[in-house]
Every structure is written in C-alpha cells, then in structure tokens.
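Structure, as structure tokens:
FYI, it's all coordinate maths here, none of it is from the lab. Being a predicted model, the structure only gives us computed values, none of them experimental. Note that we place each Cβ from the backbone using ideal geometry, even for glycine, and neighbour counts take in every protein chain shown.
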Amino acid sequence: MAQLDEASSAGRHPEGRFGALATRAFGAVPPPVLVVTGMISLQVGAAFAKQLFAMAGAFGVSAIRLTFAALVLLLVWRPALRMDRRTFLVIAGYGAMLAGMNTSIYHAFERIPLGIAVTIEFLGPLSVAVFGSRRKLDVVWALLAATGVLLLSRVEGGLDPLGVAFALLAAVFWAGYILMGAKLGDRTTGGGGLAVGMAVGAVLVLPFGVVESNTALLDPHVLAVGLVVALMSSVVPYSLELEALRRIPPRVFGVLMSLEPAVAALAGLVVLREALGAGQWLAVLCVVLASIGATRGGARA
C-alpha cells in the first residue's frame, strides 16, 4: 500500500510532536465518543458560521473555515509532500469534495433552517449506504427517507427552492467525500492526508471568498469567529471521524452518524433559535431511521 511519506528523520514520529500527542490522546477515547463529539462540534460550529453570512457571505465564510483549518492541521501533522501520483490524486479529490460540500451547504444555510438543510444533505451518505447493498429491505429505507423529504417540502410557507437545491448539491458532495475519504484512509497514515486535502480545498474556495466578501476577510471579528468555526467545524470533527473510522466497523460508524440531522436541528434550535414544527421533526426522524436501517442492512449484506 502506497502511503503519504510523512517521516522526515529516522526514529522520529512520522506525524510530528503534536501529531503524536493527538494520536495518543485519540487512542484513549472510545470511538463512539469520538464520533458523537465530532458531530456536536461540527453542527454547533455550523450554527456559529451562519451568523457570519451577512458580513462575509457563504463563500467568504467557507474560505475562512477551510484556510484556518488547513493551517492548523498542517502545523499539527506537518506532512511531507513526497507522494506518488495516485496518492496525490486521491488527496486532491478529497480536497475538492470538502470544498464543494462546505460551500454548497453554507449556501443552503443562508436560505433554509440548519436542521432542514442537514436533513436534506444527509441523503448523500444515505444513498451510499442504499446503493452499496442489494437487499430488498433497502427499498423500504429509501421510501422512508423520501417520506421525510416530502414532509419537509410541505412546510407551511414553503422552503426556498434554491436553498433546497444547494442542500441536495451538498448531499452529492457528501457522498463523494465518503468515497474519497475511504481511499484517503487506505493511502495515508495519521492526519497528514487530511491536512493536505484541507489545504487543497482552501485553495479552491479562497478566490471565490475573496471576490464575494472583499474586505470582510480582514475584519478582526470575522477572522476570530472564523477561527472558532474552523476548529469546531473542520479540525475537530474530521480528525475525530478519521480516527474513529480506523477503530470501529463502518456499520457502527454509520449508525452513529445517522444522528447528524437531529443534532443539527438541536444546534439550530439552541444557537440560532430555529424552532422546527412537529411535521419537520417527524421528517428528521424519518431520515434518521432510514439511515440507521440502510447502514445496518447494507453492512450485513
């Protein structure tokens, strides 16, 4: 297996001092705790990010988040850049999926509630689970998820169609992120691949962020909140997820991640006061149950 070469000297930990400490710290925490902690951090960070859209725009906030996250991860893991062509393509693809997923879901957050956007976005990983299995029961889970989306579409007053379109686009990128993340885990060790992939995503988004936000990217308040968002929404959750995926079966990881729409709805309620109605909570529950069923069934098949 070709791996990203991160060792810079004999006898030295290949991920640097901070990377070694992070690896040992993660190893002492049960994987389910890593996944749930990362999930909460991600969605609370997303709620804070939404408060910056009026100042910097969705592209601007995405650029700040990915750039800060890349800088922190590069400092922590200190990856070397020696790699074969296939490994580079995997990392570049992973970074492109990160960039697309982040910018599209942030554009959705601008237009529809956080919990609803993430519920629609979750059709991405749900599709990966369903299409990865040939069990007839998965048709039931797909129909249950479709019921949830139908309930969301019947929200009183309706949903912004463009916001829904961006959430669906984020779902496509999320599915690609899962597939590329699996390849990344096969071809790299530690968090070096994640760090370089995040840098690739930042390079792709930064020009759009500069054009959209203009001088807002230099505002100290925007930068300070952006740093918090980068840590909560990128550095912490992606690092925890990558470590958890190395230690638990995909079925268990998928079941835990199925709680994401509910966590997002709660984060929107607590941080942004975005209260969902009974029908919307029922829609979230349908998608969560469909994801749990498809993930467990797909893994067994």
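Observations on the structure shown:
- Linear extension gain, L74 paired with L289, 0.36 nm per residue minus alpha-carbon span: 73.7 nm
- Label reach from V140 (point 7 Å along Cα→C-beta): in segment 276-295, amide nitrogens under 14 Å belong to 289-295.
- This ranking places I248, I105 by how few other beta-carbon atoms lie within 10 Å of each, fewest first, which gives I248, I105.
- Taking 20 Å as the cut-off, the amide N atoms of segment 74-104 that come nearer than this to a point 7 Å along the Cα-to-beta-carbon line of V211 belong to 96-104.
- Protection-proxy order for peptides 200-210, 41-51, each taking the mean of Cβ atoms within 10 Å per residue, highest first: 41-51, 200-210
- Placing unit charges on the Cβ atoms of the charged side chains and taking the dipole of the chain about its Cα centre, the candidate lying farthest along the positive direction among A28, G124, L152 is A28.
- Rounded to whole Hz, the Karplus (6.51, -1.76, 1.60) HN-Hα couplings of segment 213-226, x for glycine and proline: 8, 6, 6, 4, 5, 9, 5, x, 5, 4, 5, 5, 5, x
- Shape call, segment 22-166: gyration tensor on alpha carbons, a/c limit 1.5: oblate
- Between segment 153-226 and segment 104-144, the Cα center-to-center distance that results, in Å: 17
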